[in-house]
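Readers should treat all values here as calculations from the given coordinates under stated rules, not as data from a laboratory. What you see is a predicted model, and the numbers here were worked out from it, not measured in a lab. Cβ placement follows ideal geometry from the backbone for every residue including glycine, while neighbour counts extend to all protein chains displayed.
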Amino acid sequence: MMDGLPGYAWPVGHFIREELEARGWSNEKLAAAMGVSVEDVQAMMAEEFAFLLEGDDAHSELADKLGRAFGTSSSLWVKLDLAYWLWVGGAQGIDKST
């Protein structure tokens, strides 16, 4: 562990894929439930995707739509995403105190 961080954190796309599998949904079904394109769903599952891009309302809107589609809060997805990026910063030795 580094600074109280877990040994590994998963990107948010990992959890989206798990949820899709548990529900038996395809990317297309999730896209339809969210009212977005399949490309948007695929982008959310990419490792470099982040809900919390500064000044990007489109990504926070995706978190809202994802939460509604899965019957969860948008904050669940944002927190999972944030945990991953904090881990990435810690794993790469980035000073998170500033």
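Taking every alpha-carbon pair under 8 Å whose residues sit at least 6 apart, the range 12-89 reaches a relative contact order of 27 percent. Each Lys and Arg Cβ is given +1 and each Asp and Glu Cβ -1; about its Cα centre, the range 12-89 then shows a dipole of about 360 debye. Efficiency by 1/(1 + (r/R0)^6): what FRET value for LEU86 and GLU48, r their Cβ-Cβ distance, R0 = 25 Å, to the nearest 0.05? Once the sixth-power term is evaluated, E becomes 0.95. Label-to-label distance, ALA58 versus TYR8, with points set 7 angstrom from Cα along the beta-carbon direction: 3.2 nm.
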